[in-house]
Amino acid sequence: MSLVLCLVCVMLAPFAAAGLALIHQGLGRSRSAAHAMLSTLCALGIAAIVFVMVGSAWAGFAGEAAHSFKAAGARWDWLGAGQFFPGGVGPGSADLPEYTRALALCLEMFAAGLAATIPLSGGADRWRLAAVCCASAVLAAFLFPMFAHWVWGGGWLAQLGASFGVPGFVDAGGAGVVQVVGGLMALTVVWITGPRKGKFAEDGVPAAIPGHNIVQVLFGCMLALAGWIGLDAASSILFYGAGAAQVVWVAINAMLSASAGCLAAVVVTRARYRKPDASISANGWIAGLVAGSAACAMVSPEAATVIGGVAGVLATYMIEIAELKLRTDDPGGAVSVHAGAGLWGLIAVGLFGRFAEGSQAGHLLAQMVGVAALLGSMLPLIYGVNLLLNRFVPYRVDGDGDWQGMDIRELGAGAYPEFVVHADEFVPR
Amino acid sequence: MSLVLCLVCVMLAPFAAAGLALIHQGLGRSRSAAHAMLSTLCALGIAAIVFVMVGSAWAGFAGEAAHSFKAAGARWDWLGAGQFFPGGVGPGSADLPEYTRALALCLEMFAAGLAATIPLSGGADRWRLAAVCCASAVLAAFLFPMFAHWVWGGGWLAQLGASFGVPGFVDAGGAGVVQVVGGLMALTVVWITGPRKGKFAEDGVPAAIPGHNIVQVLFGCMLALAGWIGLDAASSILFYGAGAAQVVWVAINAMLSASAGCLAAVVVTRARYRKPDASISANGWIAGLVAGSAACAMVSPEAATVIGGVAGVLATYMIEIAELKLRTDDPGGAVSVHAGAGLWGLIAVGLFGRFAEGSQAGHLLAQMVGVAALLGSMLPLIYGVNLLLNRFVPYRVDGDGDWQGMDIRELGAGAYPEFVVHADEFVPR
Amino acid sequence: MSLVLCLVCVMLAPFAAAGLALIHQGLGRSRSAAHAMLSTLCALGIAAIVFVMVGSAWAGFAGEAAHSFKAAGARWDWLGAGQFFPGGVGPGSADLPEYTRALALCLEMFAAGLAATIPLSGGADRWRLAAVCCASAVLAAFLFPMFAHWVWGGGWLAQLGASFGVPGFVDAGGAGVVQVVGGLMALTVVWITGPRKGKFAEDGVPAAIPGHNIVQVLFGCMLALAGWIGLDAASSILFYGAGAAQVVWVAINAMLSASAGCLAAVVVTRARYRKPDASISANGWIAGLVAGSAACAMVSPEAATVIGGVAGVLATYMIEIAELKLRTDDPGGAVSVHAGAGLWGLIAVGLFGRFAEGSQAGHLLAQMVGVAALLGSMLPLIYGVNLLLNRFVPYRVDGDGDWQGMDIRELGAGAYPEFVVHADEFVPR
């Protein structure tokens, strides 16, 4: 029963990527909008093909073959050792283990695509399509599968209990596996591509470059909600054995987290800038979804609301700090919303999660180990890989490409050829 | 089996709100489009949090504790007496009654959000965000839950049979609980905020203020269809025990009602204005969905087509009368489409519904009692509450706010900062 | 179990039509965008009502009454003989055969609507709304049901085995029943309406008339994916007995086919025009979905990728040939994407399909018979019917209608009344 429910929930996953695509293209410039959307399709497509053919073998599945080594008195299960080029299923086959395995592949295929979509938000208006394709391939082939194996595939983070006597690291909806991994990827893309021309004046004062279509951004939030509920529910069932009753609360909690995140951002921006900021409020909504997904199946609705609200506040301040203090240009706020809120969500599992076994302190410790693994090993790895890739396939459009617009530069045609757009540029504030 | 089906159908509900959001922002002005969308997210968010924490206790559930009093020789069960701040579910819990209860909460959470979205259509271009938030909170805390209790929570309208010997009031898909309640709310918002500047000339002749993005309006209709099928199916299963076979017909009937409503509006506007009107045809589609939802699980496809077609004709004329005769300014036609067509749908249950028990006349009488309850008690209550709220949080933007646009006035930035829009205004026809 | 899964998958079908609608309106002119969307709603609506009331009786269902004749020593089952005006279902009914029958009706209702949406892409910017309505009615009443009966309703193509000793013709996801039938309809509409004014210079050199909103086109691709997965899965379960395990692979294969189609188009247009073309890449994505749907439940993921990739290449070249060599004006590429890729998908079933019974050569032969039936009998029939209809309801807008825009000409108002659009026209290249 739950497996059919899981399959249907997986089918809702494409809406998460569609929602994020609308958000990041809407937060970018109109002169790069078609490029943003085509980059999304290419990232999703490459991630799907590469993950199914290669990555899924390394993502592995709990209980199946895996690569491991011994160190510090424990066994470190670090990479799946499944079959490359899976053969699919013949007519009439209905083997239960095979079904579960295929479900995991399907779910992770969409999850890999979602993770590959997130960096597009950080690299908006200047990240070249060829580099997007290469980065997505590497992400789906190795980076995403390795961490997915650690958490969802029975790897060392899931087995902290067996090895070290603490509970296993828990990430029910992919806040770490999908969002933080994607968000760290976005961070390195932001670093490597540098700010857009005109974003920072010579004295470092940033110009506000507003998104070109806020209606699509806020509409994307609603689509993302539907997709998120699907992803959260499916991975809770498949990797954490959630029953149908828990899945109902997954849906309720996702809605509450998103709501609290959005409302918190509205209140904070209202308090600080006198008027609520629509773009940041959209980011608050997504931050709520991101943070809420880690513990979606094991917290009360009250906790889900708190987790989302805190995520909304955090994202708002992180976006401001990233722009004003760190002088980075992250047009869609991907780093704050996906990496930042995702890390908070992982910690929140230890604070608010209700578990049948294990002490709360033990769970919090396990979550901290996971956060450390993300920041201590995944971030350097992701950064190194992208630095290397950047040598062969330059990430940033050259010359006046971002001024001209990625649509004309890379695709030869604009997204809205019949509409008249302003020619004037934005000035530093 | 049906409960898993119900859960999945609930997961489609967010598309209904997303569709309505696209419609009402598209029928408003471009200078208020971001405000319309952010208002939607805030209304959905507040409704979700307030309903889960407070309202659901008052909405109650058939067979559970409720507040009631005795009068006229009968017991009047008027408000649920459930638990505030529900605790969610722990790991591994799979209690069937608890599951059903959680499903009802989840469904009604989305339904309350949908009801809170409807008034935004009537208040487009002038209703302040702060007032939207307050009104949504009151709606989700008390107004929606009380009527939901009467109909879906085992309240007095559902128990007409036990008390008065007529069949119970039936609203399978929420035409009354969601649409009419939301539509009456829209009516009071239209009254309180008054017409937009420039809508009526001094002699009362209305200006046509066309929607700014008809493509999004008509696309919203298709999204709404998917969400509506989900909501109709879920509530039919949960509150009226529909089996899987009936649910198939719920989907068919929803499509037929929407189709007939749209085509009827095309034909009527073609006949009256020489050319079909795209905006009104979109409203006809939604009117068909609204009216069809009351009886979705208990009518033949022929009846569903007739119900939708009549709703499309009714909505078209009501929109015209509201504007030309009553001199009200309802930019999205919310009153006609949700309240008007919803009431027609409730009556149609008595005319076309097929029931295992009870005479057709008895069912028609029960539906009339429900309609009377909506107009006789809910409308004054909703109006009074909104009048009171308006004293503390003024509903209408002050001064030249609607001329300037809600985006600049309340959010400080427009929705489409790069696109050039016409500066000229519309003139009375 | 699978029937509930099938029902839920059917509920995702509306997203396929919504996606195609966004694509064809976005590939048309802004001055015809509202018309394109209203035409879609009308086509869907008329198709739904006409199919449920009339067409479904002729589509029939395997094992039920059918019209047949004897010729060449075999029985030719060519049209269903079901009941017009189906009565729906009463309360509490849960008859299994009746449920299956209703599911088929529901699925085919949405499939007929999808087929009726496809020609709008070919007739963009010039096909009159009245003609759209008439053509959709005829398609849903007779053309679609007849071929659906041949394949899904137990007709002669499904029974090739019983009659001629070869395996039956297989079309798991509707590549033939929905896509090729719709694509051939688009072909005749393209022929009958002729090119848009200004498309071809006097010497036959075509002007590039780019779509007016590429963001919506690419977003439509993602929505279409969700709907396609639903349709592919539902028809695989219902007509080919796919189990839940196969359905997982249906979802994976659909994603892989779409991905490969899009990436192939990106690569080919990059190679030929120096820059990837976003519109054609969107068409590659849809071509992948179309071609992949025929064999979705019976091929390996590797084969699904190849099928999609070939479809993307084919569609790209066919679009170019249709415009440059055949001098036809198909704004949305409907003929290439739906008819062309659909035919390739049907052949691919014979090349890559894995079946429990029957030789590969036999299956290929059966598929060729189906392709021949589409080109040899359906195309002339569709062409004849549309030629006849064109006599009574002229298809092409008269005079300067396509120059003025269908919105003003047929609806009296534009889709984007507040946005400033360029007045200048495109010049031949």
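Only a single item in (1) more than 14 Å from chain C (Cβ to nearest Cβ); (2) modelled with pLDDT under 95 is not met by B:Gly345, and it is number (2). Any idea which residue in region A:311-331 is nearest to A:Ala245 (Cα to Cα), counting only those that are surrounded by 22 or more Cβ atoms within 10 Å (Cβ to Cβ) and β-branched (Val, Ile, Thr)? For region A:311-331, the residue satisfying everything is A:Thr316.
Taking the numbered list (1) of a type in the set (A, V, I, L, M, F, W, C); (2) buried (at least 19 other Cβ atoms within 10 Å of the Cβ); (3) touching a His at 6+ places or on another chain (Cβ under 6 Å) in turn, C:Ala48 passes all entries but (3). In region B:292-309 there is at least one residue matching the filter, namely being crowded, with 24+ Cβ neighbours inside 10 Å, modelled with pLDDT of 95 or more and touching a Cys at 6+ places or on another chain (Cβ under 8 Å).
You will find that of C:Leu411, C:Leu388, C:Leu381, the residue that is within 14 Å of another protein chain (Cβ to nearest Cβ) and at pLDDT 95 or above is C:Leu411 and no other. Does region A:245-255 contain at least one residue that is in contact (Cβ under 8 Å) with a residue 60 or more places away in the chain, more than 18 Å from A:Gly353 (Cα to Cα) and not basic (Lys, Arg)? No: zero hits.
Pairs are defined by a Cβ separation below 7 Å, a sequence spacing of at least 6 or placement on different chains, a first member in region C:349-373 that is without any contact (Cβ under 8 Å) to a residue 40 or more places away in the chain, and a second member that is of a type in the set (Lys, Arg) and buried (at least 17 other Cβ atoms within 10 Å of the Cβ); no pair meets this definition. In this structure, does B:Pro14 turn out to be at the interface with chain A (Cβ under 8 Å from one of its Cβ atoms), surrounded by fewer than 24 Cβ atoms within 10 Å (Cβ to Cβ) and under 19 Å from A:Met255 (Cβ atoms)? Against the criterion (at the interface with chain A (Cβ under 8 Å from one of its Cβ atoms), surrounded by fewer than 24 Cβ atoms within 10 Å (Cβ to Cβ) and under 19 Å from A:Met255 (Cβ atoms)), B:Pro14 does not qualify. Evaluated against (1) more than 28 Å from B:Val8 (Cβ to Cβ); (2) among the aliphatic types (A, V, I, L, M); (3) touching a Gly at 6+ places or on another chain (Cβ under 8 Å), A:Ile321 falls short on exactly one condition, (3). Just to verify a result, which residue in region A:256-274, among those that are free of Cβ contacts under 8 Å to residues at least 24 places away in the same chain and hydrophobic (A, V, I, L, M, F, W, C), is surrounded by the fewest Cβ atoms within 10 Å (Cβ to Cβ)? Within region A:256-274, the match that is surrounded by the fewest Cβ atoms within 10 Å (Cβ to Cβ) is A:Ala271.
Does region C:272-318 hold any residues that are outside any loop (DSSP other than H, G, I, E, B), within 11 Å of chain A (Cβ to nearest Cβ) and among the small types (Gly, Ala, Ser), and which are they? Once the filter is applied, which keeps residues that are outside any loop (DSSP other than H, G, I, E, B), within 11 Å of chain A (Cβ to nearest Cβ) and among the small types (Gly, Ala, Ser), region C:272-318 yields C:Ala278, C:Ser279, C:Ser281, C:Ala282, C:Gly284, C:Gly288, C:Ala303, C:Ala304, C:Gly308, C:Gly309, C:Gly312. Within region A:394-417, the set of residues being more than 12 Å from A:Ala33 (Cα to Cα) and among the β-branched types (Val, Ile, Thr) comprises just one member, A:Val397.
Residues in region A:165-209 that are in a loop (DSSP other than H, G, I, E, B), more than 12 Å from A:Ile118 (Cβ to Cβ) and touching a Leu at 6+ places or on another chain (Cβ under 8 Å): A:Val166, A:Pro167, A:Gly168, A:Phe169, A:Asp171, A:Gly173.
Quick one: would you say C:Gly198 is within 15 Å of the chain's Cα centre (by Cα) and small (Gly, Ala, Ser)? Here the answer is no, as C:Gly198 does not meet what is asked. Where helices (runs of 4 or more DSSP H) fall wholly inside region B:14-118, the ranges with 1 or more residues that are more than 30 Å from B:Gly401 (Cα to Cα) and of a type in the set (Gly, Ala, Ser) are B:56-59.
Under the condition of being more than 9 Å from chain A (Cβ to nearest Cβ) and touching a Phe, Trp or Tyr at 6+ places or on another chain (Cβ under 8 Å), which residue from region B:31-58 is nearest to B:Asn213 (Cα to Cα)?
Of everything passing the filter in region B:31-58, B:Ser39 is nearest to B:Asn213 (Cα to Cα).
Take the conditions (1) of a type outside the set (Val, Ile, Thr); (2) facing chain C (nearest Cβ under 8 Å); (3) in a helix (DSSP H, G or I); B:Ala264 misses just one of them, which is (2). Pairs are defined by a Cβ separation below 8 Å, a sequence spacing of at least 6 or placement on different chains, a first member in region C:326-342 that is assigned to a helix (DSSP H, G or I), and a second member that is buried (at least 24 other Cβ atoms within 10 Å of the Cβ) and of a type in the set (Asp, Glu); the pairs so defined are C:Ser336/C:Asp330.
For region A:165-192, a residue qualifies if it is within 14 Å of A:Ala124 (Cα to Cα) and surrounded by fewer than 24 Cβ atoms within 10 Å (Cβ to Cβ), and the qualifying residues are A:Trp191, A:Ile192.
Filtering region C:210-228 to residues that are more than 7 Å from chain A (Cβ to nearest Cβ), assigned to a helix (DSSP H, G or I) and of a type outside the set (Phe, Trp, Tyr) leaves C:Gln216, C:Val217, C:Gly220, C:Ala224, C:Gly227. Residues considered: C:Ala135, C:Ala148, C:Ala162, C:Ala140. Of these, the only one that is surrounded by fewer than 24 Cβ atoms within 10 Å (Cβ to Cβ) and outside any loop (DSSP other than H, G, I, E, B) is C:Ala162. Comparison of A:Gly358, A:Gly370 shows that the only residue that is under 29 Å from A:Ala291 (Cβ atoms), of a type outside the set (A, V, I, L, M) and part of a helix (DSSP H, G or I) is A:Gly370. The selection criterion, being in contact with a helix residue (DSSP H, G or I) (Cβ under 7 Å, 6 or more places away or on another chain) and assigned to a helix (DSSP H, G or I), holds for A:Asp407. Of the residues making up region C:231-257, those that are in a helix (DSSP H, G or I) and facing another protein chain (nearest Cβ under 7 Å) are C:Ala244, C:Ala245, C:Gln246, C:Val247, C:Val248, C:Trp249, C:Ala251, C:Ile252, C:Met255, C:Leu256. Pairs are defined by a Cβ separation below 8 Å, a sequence spacing of at least 6 or placement on different chains, a first member in region B:226-244 that is over 13 Å from B:Met298 (Cα atoms), and a second member that is hydroxyl-bearing (Ser, Thr, Tyr) and surrounded by 24 or more Cβ atoms within 10 Å (Cβ to Cβ); the pairs so defined are B:Trp228/B:Ser293; B:Leu231/B:Ser293.
The values are calculated or read from the model by the stated rules, or taken from the named source; none is laboratory data. Being a predicted model, the structure only gives us computed values, none of them experimental. With ideal geometry, Cβ positions are generated from the backbone for all residues, glycine too; neighbour counts draw on all protein chains shown.
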